[in-house]
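Structure first, then comments.
The values are calculated or read from the model by the stated rules, or taken from the named source; none is laboratory data. The structure presented is a predicted model; accordingly, all values stated were derived computationally and were not measured. Using ideal geometry, Cβ is built from the backbone for each residue, glycine included, and neighbour counts are taken over all protein chains shown. Keep in mind that these areas ignore ligands, DNA and RNA; they rest on the heavy atoms of the full protein, side chains included. Shrake-Rupley method; radii C 1.70, N 1.55, O 1.52, S 1.80 Å.
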Amino acid sequence: MRVLVVSFDRSLAEQLRNVLGEYEVMDVKNGEEALGLVNTHDILKEMEGRK
């Protein structure tokens with residue numbers, strides 16, 4: 001599973017990365033950066049797998 005952390009607090013992002021070590025954790029500073037990481041195809045593929 002992928003986890004996206006949107007926060008200016010880099011220490012929080014690092015702590016979450018450590019706690020969620022078994023997941024793919026990505027951290028960004030704002031919504032614009034978050035949208036840059038999002039691939040619509042990946043989201044649709046992920047949603048298909050949950051049905």
Legend entry - Pick from the range 1-31, criterion of a type in the set (K, R) and closer than 28 Å to E48 by Cβ, ranking: least open to solvent (accessible area, probe 1.4 Å): R17
Legend entry - Residue identified as modelled with pLDDT under 90 and not in a helix (DSSP H, G or I) among L4, L44: L4
